[in-house]
Amino acid sequence: MLTHLPILQVILPLVAAPSCLFLRRASLVWLFALAACLSALAVSVLLLQQVYAAGPISYTLGGWQAPWGIEYRIDLLNAWVLLIVSGLSSVVLAAAHTSVARELEGNRQILFYTLYLLCFAGLLGIVATGDVFNVFVFLEISSLATYALIALGRDRRALWAAFQYLIMGTIGATFILIGIGFLYMMTGTLNMADLAVRLPAVENSATVLAAFAFIFVGICLKLALFPLHQWLPNAYSFAPSIVTAFLAATATKVALYLLLRFTITVFGVEFSLASLPLETLLIGLGLIGVFVASAVAVYQVDIKRMFAYSSVAQIGYMVVGVGIGTVTALQATLLHLFNHALMKGGLFLALAGLVYRVGGSRIEDFRGLGVAMPWTMAAIVVGGVSLIGVPLTVGFVSKWYLIAAAMERELWWLALLVVLGSLLAVAYIWRLVEAAYFHAPADAGQPRGEAPLGLLLPTWLLIGANLYFGIDTCLPVEVTAAAAQFLLGGAQ
Amino acid sequence: MLLASLYNYWVVIALMMIGLYMVIAQGNLIKKIIGLNIFQTSVFIFYISAGKVDGGSAPILSEGESLYSNPLPHVLILTAIVVGIATTALALALVIRIQRAYGSVEEGDIQALAHERTEGSEQ
């Protein structure tokens, strides 16, 4: 049983997804989906323990040996990302029942859980597999489910957002497919570890460069790296609240994992960071993303949209870490991957509570919220403070490591810009605090009350984790340090 | 000579550019989807071309044959075609719902309507 963990990780939600359709009642489906998610979480915990104790696990599908058959290879990097994805998906799904019952019609609720599990399975598959073509297939499984999930939004603009994302996403995925084709032409293999061995021999050819360019642009589209981020704000603001929380906490993290996997494991640091101006490109685009997206966020009226822009900014920080390319910088990126999932998961769940009570998430809905929904608003404030990077929250930990990494390379200006970027976050978080605590409610007659416990508990679980891991940083710091070390060690 | 012998790749590039151009330049959503399909198809042809070995026969073990084409890219593309069909089906389904919600399948109309709503509700 334990030897089959890598495939169980993916197959459990994949099989559970269509099974949802046999259960007729929405609450039954929810329980079933939650059970599937939690078992996937248990599997990923076991996997991380195994990998941490005994090194990478290689699992060959159907017993076909590695370069020919499909291999699932779990090392510290993907075990860590698997844990983040399954952990966050479980918490968000736990909150889903209350919010989905309010926001979606009866017959669509069952479809929602099916799509959720499909998307979840796709994301886990991308992370678990060691085969580049398999990455493409899982990428499309998760993307197709995502488009449909976004289209479930109540506003008709959700349809348009889903269509735009479908076009962008398909172009991105096809770019990755072209890149994989080039790699296969040059090396005759699709296995990531095998590719890493064979690529150095042909790395000077234009075909490999083209492959790298196609894959890089394709992943950046999925990652919503500035300036390829246009699909994200619409998709996040019009999707059902739970879908936004799910996507913000998992989908971009998986895209970032792909970026790391391809630039570092498959192509190798020397090829991707040294022989190409990728370092400048990643740091530059990341920083521009931080500043432009944060500045745009300050002017947003819809708070869901504001946090969507803030996500683009946070992705910028992670990409800067990849660009610096040292062990500390990668550790900062991996830490921020985890921390940002906790922050945005918590924040968007809190917003889901607000939408549940008030029906919207616009800035005027926040007036007097400090009194009307003290717990939800406190969650938003703590999440926001963590987003800024104040000490004792997780946001501080990852910013600290990122600045330390910049200092190590003596990039003082970069460290300064990272701090300045955080100040912009203060500007947009402060607007919420001001509206919630210093303004009277816009409409006194509006029915107000705390968000239901079904939403509030998962929100505070994530927000509490923001504080807990901000103080007791042992687990994430140790795992990410080992993962970053392993990544760069394995590449040399 | 080299250019002529690699004509299949030129076809791939031409189709790829036509498809991508259609996706960007066409305002009609159905035409955008057609463009996306052409774009994807060009990649299918690219893979299949890469798998062909000059003078190689179909990869079925038979007497008197020692040279076979590489079947792996073909198998990969079977999967990619399925993915492409799923994408097209989903895109068409979305267009039907967009047509019902907005009364149009023209990008310009939809964007004007969506924008109007944003402006109107922000006051």
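Using only protein heavy atoms and a 1.4 angstrom probe, determine the accessible area buried between A and B, summed over both sides, in Å² to the nearest 100. Walk me through the intermediate numbers first.
Numbers: alone 17990 and 8900 Å², together 23530 Å².
Counting both chains, the buried surface is close to 3400 Å².
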For this session: Positive end of the charge dipole of segment A:277-492 (Lys, Arg +1 and Asp, Glu -1 on Cβ, about the Cα centre): tell me which of A:Ile463, A:Leu347, A:Val301 has its Cα farthest that way.
Result: A:Val301
Exercise. So if R0 is 56 Å, what FRET efficiency would A:Tyr52 and B:Ala4 give, r being the distance between their Cβ atoms, rounded to the nearest 0.05?
Worked result: 0.45
Exercise. If R0 is 51 Å, what FRET efficiency do you get for A:Leu461 and B:Ile45 from their C-beta distance, rounded to 0.05?
Worked result: 0.50
For this session: Describe numerically, in nm with one decimal, the distance between label points set 7 Å from Cα along Cα→Cβ at A:Ala101 and at B:Tyr21.
Result: 5.6 nm
Problem set entry | Using a Förster distance of 60 Å, the FRET efficiency for A:Val301-A:Leu276 (Cβ separation, nearest 0.05) | 0.90
For this session: Calculate the spin-label point distance for B:Ala89 paired with A:Glu450, positioning each point 7 Å from the Cα along the beta-carbon direction, and give it in nanometres.
Result: 4.6 nm
For this session: May I ask you to list, by number, the DSSP H helices of chain A whose Cα span along the axis is at least 27 Å and whose average Kyte-Doolittle hydropathy reaches 0.0 or more?
Result: A:26-54, A:76-103, A:106-128, A:132-151, A:157-187, A:241-260, A:278-298, A:303-324, A:327-358, A:412-438
Exercise. For segment A:286-354, what class follows from the C-alpha gyration tensor (a ≥ b ≥ c being the square roots of its eigenvalues): rounded when a/c is under 1.5, otherwise prolate if a/b is larger than b/c, else oblate?
Worked result: oblate
Seminar exercise, completed: Reduced to Cα centres, the span from segment A:345-416 to segment A:14-76 in Å works out to 31 Å
Exercise. Once you put a point 7 Å from the Cα of B:Ser104 and another 7 Å from the Cα of B:Ile13, both along the Cβ direction, what distance in nm separates them?
Worked result: 3.8 nm
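A 19 angstrom limit on the alpha carbon distance is what I want to check against. Which of A:Lys253/A:Lys399; A:Lys344/A:Lys399; A:Lys253/B:Lys32 exceed it? Spell out each step's value before the answer.
Working: A:Lys253/A:Lys399 17 Å; A:Lys344/A:Lys399 16 Å; A:Lys253/B:Lys32 29 Å.
Where the Cα-Cα span goes over 19 Å, the pairs concerned are A:Lys253/B:Lys32.
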Exercise. Do any residues of segment B:92-116 lose at least 40 Å² of accessible area when the full set of protein chains is present rather than just their chain alone, and if so which, with a 1.4 Å probe?
Worked result: B:Leu94, B:Arg97, B:Ile98, B:Ala101, B:Tyr102
Seminar exercise, completed: So the angle from the long Cα axis of helix B:29-51 to the longest Cα principal axis of chain B, reported in degrees to the nearest 10, equals 20 degrees
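Using just the Cα positions, wrap segment A:259-403 in a convex hull and report its mean projected area in square nanometres, one decimal place.
Numbers: hull surface 35.8 nm².
Mean projected area of the Cα convex hull: 8.9 nm².
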Seminar exercise, completed: Excluding ligands, DNA and RNA, the carbon-plus-sulfur percentage of the accessible area of the protein assembly as shown with a 1.4 Å probe reads 68 percent
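Sequence gap at least 6, Cα distance under 8 Å: using those rules, report the relative contact order of segment A:277-492 to the nearest whole percent. Can you show the working numbers first?
On the way: 329 pairs, mean separation 61.9, N = 216.
Worked out over segment A:277-492, it gives 29 percent.
Give the relative contact order (percent, whole number) for chain A; include only Cα pairs under 8 Å separated by 6+ residues. Mind dumping the intermediate values first?
Values: 868 pairs, mean separation 74.9, N = 492.
It rounds to 15 percent for chain A.
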Seminar exercise, completed: Counting only residues 5 or more apart in sequence or on a different chain, those whose built amide H sits under 5 Å from that of B:Asn28 are B:Glu107
Problem set entry | Nonlocal amide H pairs with A:Thr189, under 5 Å, H built at 1.01 Å | none
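Hey, if we sort A:Tyr165, A:Tyr356 by accessible area with the 1.4 Å probe, largest down, what's the order? It would help to have the intermediate numbers written out before the result.
On the way: A:Tyr165 15, A:Tyr356 40 Å².
Ranking A:Tyr165, A:Tyr356 by accessible area, largest first, yields A:Tyr356, A:Tyr165.
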Problem set entry | ³J(HN,Hα) computed for each position of segment B:9-25 - Karplus, 6.51 cos²θ - 1.76 cosθ + 1.60, integer Hz, glycine/proline x | 6, 5, 4, 4, 5, 4, 4, 4, 5, 4, x, 4, 4, 4, 4, 7, 8
Problem set entry | Amide H contacts of A:Arg362 (H built 1.01 Å from N, under 5 Å, at least 5 apart or other chain) | A:Ile303
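Can you give the Rg/Rh ratio of chain A, where Rg is from the C-alpha atoms and Rh is the Kirkwood radius?
Details: Rg = 21.4 Å, Rh = 22.4 Å.
With Rg and the Kirkwood Rh in hand, the quotient comes to 0.95.
The values are calculated or read from the model by the stated rules, or taken from the named source; none is laboratory data. Keep in mind that what you see is a predicted model, and the values were worked out from it rather than measured. Counting neighbours? That spans all protein chains shown, and the Cβs are built from the backbone with ideal geometry, glycine included. Ligands, DNA and RNA are stripped out before the accessible areas are found, and what is left, the full protein with its side chains, is counted by its heavy atoms. Shrake-Rupley method; radii C 1.70, N 1.55, O 1.52, S 1.80 Å.
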